[in-house]
There are 4 protein chains.
Amino acid sequence: MLKTPVIVLNVKTYEEATGKKALEIAKLMDTLASETGASLAIAVQPTDIQMCVENVSIPVFAEHIDPITPGSHTGWILPEAVKAAGAVGTLINHSEHRLKIADIDVCVTRSKELNLDHIVCTNNVATSKAIAALSPNFLAVEPPELIGGDVSVTTANPEIVSRSVDAVKKIDKHVGVLCGAGVKNGKDVKKAIELGADGVLLASGVVKAKDREKVLRDLISGL
Amino acid sequence: MLKTPVIVLNVKTYEEATGKKALEIAKLMDTLASETGASLAIAVQPTDIQMCVENVSIPVFAEHIDPITPGSHTGWILPEAVKAAGAVGTLINHSEHRLKIADIDVCVTRSKELNLDHIVCTNNVATSKAIAALSPNFLAVEPPELIGGDVSVTTANPEIVSRSVDAVKKIDKHVGVLCGAGVKNGKDVKKAIELGADGVLLASGVVKAKDREKVLRDLISGL
Amino acid sequence: MLKTPVIVLNVKTYEEATGKKALEIAKLMDTLASETGASLAIAVQPTDIQMCVENVSIPVFAEHIDPITPGSHTGWILPEAVKAAGAVGTLINHSEHRLKIADIDVCVTRSKELNLDHIVCTNNVATSKAIAALSPNFLAVEPPELIGGDVSVTTANPEIVSRSVDAVKKIDKHVGVLCGAGVKNGKDVKKAIELGADGVLLASGVVKAKDREKVLRDLISGL
Amino acid sequence: MLKTPVIVLNVKTYEEATGKKALEIAKLMDTLASETGASLAIAVQPTDIQMCVENVSIPVFAEHIDPITPGSHTGWILPEAVKAAGAVGTLINHSEHRLKIADIDVCVTRSKELNLDHIVCTNNVATSKAIAALSPNFLAVEPPELIGGDVSVTTANPEIVSRSVDAVKKIDKHVGVLCGAGVKNGKDVKKAIELGADGVLLASGVVKAKDREKVLRDLISGL
């Protein structure tokens, strides 16, 4: 399972993180992780999982799995397939890819069966509590209105983090809690951890940065 | 573009066609294509595209793309990503992964922009006509009730093939027409071509076969 | 709020319960409720809500609401609209109409805002716990594989009821718990209540019955 | 079938058009239709169909139907139900409620079976052609980016109307073509008809107007 505190980077389907460009980012994170000892992980597009896995040591995640078992599901993301490609975990229910509650339950169960680490995304305290009841490894609370924005959730709405942590731990203390949305620097990471989070989930703040190494080093400084 | 008449194999998310097992099938098809000169193509899971592309010469397709451009679309299938992984084409709107009409239009347009060959699946004569109006490279008509079954569409419902071909060519004669559902042997392939089809799309008939080479050789004999 | 123990009938989109036929069933339940004092409620199609409300005294529910506020949502079910038509409550997330977790949260919140009673359907103990965390008025646990079948959940899987009740009450003791799937007679109702449920949700057992009055009287006898 | 040229008002789920407020608008249109002889129709929420039908003579449409037959489809919109409530027609595939191509085909077929008039919405010339191939009574082309805006499609993009008309008639001359998006006054209606359309589909321009009678009279003047 992910070592905490952790910084998880979701590269989405950004042009700057497709194909070999995803690998470039993964390699940079790999170098920094091994240099600093920080716990870093990257979630990439399914087409890029294997290439990243073959070239870096940090945990590579899928961005999504579908609630299916092997069979006739043309074009859907099979949990066994991301595992076979070398992913050690997956995001589930990202705000850009929300699932039905019964399907989240299936995805969590399937991840556990396959020993895939998993981070279920939630959008507020209420849904964090709901997801905690499914006992995933991690959940990541991200207010949708702050995603991709300039203000970190830890500044704009610190209570959503601390209250999610409290509510989640009351339901299942083994569920790790990450937070995300607008996280950009070491100060945001530090604050997240002070608020009780086990780490952060972020995307554009790194992928779109002019100097990714600088941003990553700053983020790591907050761990 | 795919050389016709063509046999396209969709390996779905079958256990027997995930990860290295997908590559095994691709290699077998590659050997037979080069030996016989037949036009064969394979559609694989996104996680397996690159591995197949690096090891075979036959066209490798994605099973699906989502109607998106690069950006914030966590966990969806970016057309650019399957292209970057080396796919030369994609299925669109498979009966197990149906899309909204406006989204099929976007997928066809995006495929053309990226020079990705594309096969849009339809389920009857009416939807074949509708899709023909979008002028895709190919469409593949597959009656859902026959998919995965023991009786070939060319036997159970030959009119759906011939009438789709007629209707499609009347709307846009440049659209290739494949047919599928229950296709299992050379006789079925031969009949499909006699009915005016440019080839067949099939899945379980090969993937689940005990002796895939034998089945593939028989299918090829019908071209 | 619904008086418990309660029998809630969901008439789905059965031909036998569309238009005036829905009203017939509602009237029969109304007569029996007033005669026996039993707490009965009916969920009908949106087109039939007003007609039922105008003609019966038992609570009339919608079968579904969408997670929206007034605005540009052509063809979706506005919570305000079912309220305006006279419904006093609604089902949410029925197994035939599942919603994303963030959307269930919105539907529960919107129901509370509009003072609409609400019953959120779940499919197992895990999802019952998850939904309990959203603190709805009621949830109704229904194993999908038993819905519409001949064996009552209370016979086939009594633990799913008792364990859901326990798990739900641990998270929020104010959440009422119904159960459903295969419930057909008074014995099933009695067992449901013994297992800790506040009532039952059923459909075909009444709608499809040859002698609905007889079935309803039997069900009521179990309260 | 709708008499053309026609003005069809979709009241969406606007607060100003829910419950009795929908009826108010329907009555105003009814008065103006009978006074001027203009062909007017209104599409309302399912909960409001019966009330409108009982009080006005103009055609009342549903805003949506789902691709289903009677049965176990809790909370979905059954074509038979809107028919039983008195609707004479329905919108299908509105840009706010898009459907899969196979499902549009089912909705068109089901509408024909039930003798429900139907208007299938499209978003550009390509999808208009595709839908024409399904031979619906009408289609309504509405560029999504102009919906609810201040500039009429007939001004912003007249070619989309004339080209859709041409393309549709080439595929099936019996399909009526409406246009919509930003239509607000008689000049827009007149232009639509000059461009070959059989009428217009509009929403906010009337529902949100301060003086609806004035706006409707102006629109009618363009017929």
**OP:** Search the range C:136-157 for residues being assigned to a loop (DSSP other than H, G, I, E, B) and within 14 Å of chain A (Cβ to nearest Cβ), and hand back the single one that is surrounded by the fewest Cβ atoms within 10 Å (Cβ to Cβ).
**Re:** C:PRO143
Subject >> First in the range C:200-223 and under 23 Å from D:THR74 (Cβ atoms), second anywhere and among the aromatic types (Phe, Trp, Tyr), Cβ under 6 Å, 6 or more apart >> reply: C:VAL207/C:TYR14
Original post:
Of the residues B:GLY222, B:GLY199, B:GLY176, which single one is more than 14 Å from chain A (Cβ to nearest Cβ), closer than 22 Å to B:ILE42 by Cα and more than 17 Å from the chain's Cα centre (by Cα)?
Top reply: B:GLY222
**OP:** Please state which of the following conditions C:GLY37 fails to meet, knowing it meets all the rest: (1) touching a His at 6+ places or on another chain (Cβ under 9 Å); (2) on the phi > 0 side of the Ramachandran plot.
**Re:** (1)
Subject >> Search result, residues across the range C:1-14 that are outside any loop (DSSP other than H, G, I, E, B) and under 21 Å from C:ASP218 (Cα atoms) >> reply: C:VAL6, C:ILE7, C:VAL8, C:LEU9, C:ASN10
**OP:** Using the structure shown, decide if A:VAL53 is of a type in the set (Val, Ile, Thr), part of a helix (DSSP H, G or I) and surrounded by fewer than 23 Cβ atoms within 10 Å (Cβ to Cβ).
**Re:** yes
Subject >> the range B:60-98, residues that are of a type outside the set (A, V, I, L, M, F, W, C) and free of Cβ contacts under 8 Å to residues at least 12 places away in the same chain >> reply: B:PRO70, B:GLY71, B:SER72, B:HIS73, B:THR74, B:GLY75, B:ARG98
**OP:** Please specify each residue of the range B:40-56 satisfying the condition of being among the polar types (S, T, N, Q) and within 11 Å of another protein chain (Cβ to nearest Cβ).
**Re:** B:GLN45, B:THR47, B:GLN50
**OP:** For the range B:41-59, indicate whether the set of residues that are touching a residue at least 40 places away in the same chain (Cβ under 8 Å), of a type in the set (A, V, I, L, M) and farther than 27 Å from A:VAL120 by Cα is non-empty.
**Re:** yes
Subject >> Residue check, C:ILE147 over 28 Å from C:LYS27 (Cα atoms) and either polar (S, T, N, Q) or at pLDDT below 95 (or both) >> reply: no
Original post:
Which ones in the range D:1-22 are free of Cβ contacts under 8 Å to residues at least 40 places away in the same chain and surrounded by fewer than 19 Cβ atoms within 10 Å (Cβ to Cβ)?
Top reply: D:LYS3, D:GLU15, D:LYS20, D:LYS21
**OP:** Using the structure shown, decide if D:GLY205 is surrounded by fewer than 21 Cβ atoms within 10 Å (Cβ to Cβ) and small (Gly, Ala, Ser).
**Re:** no
**OP:** Out of the residues in the range A:15-39 that are closer than 23 Å to B:VAL82 by Cα and in a loop (DSSP other than H, G, I, E, B), state the one that is nearest to the other protein chains (Cβ to nearest Cβ).
**Re:** A:GLY19
Subject >> Cβ pairs under 6 Å, 6+ apart, first in the range D:112-140 and touching a residue at least 60 places away in the same chain (Cβ under 8 Å) and of a type outside the set (A, V, I, L, M, F, W, C), second surrounded by fewer than 22 Cβ atoms within 10 Å (Cβ to Cβ) and not in a loop (DSSP other than H, G, I, E, B) >> reply: D:ASN137/D:ASP117
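The values are calculated or read from the model by the stated rules, or taken from the named source; none is laboratory data. This structure is a prediction, so every number in the text was calculated from the model and none was measured. Virtual Cβ from ideal backbone geometry, glycine too; neighbours counted across all protein chains shown.
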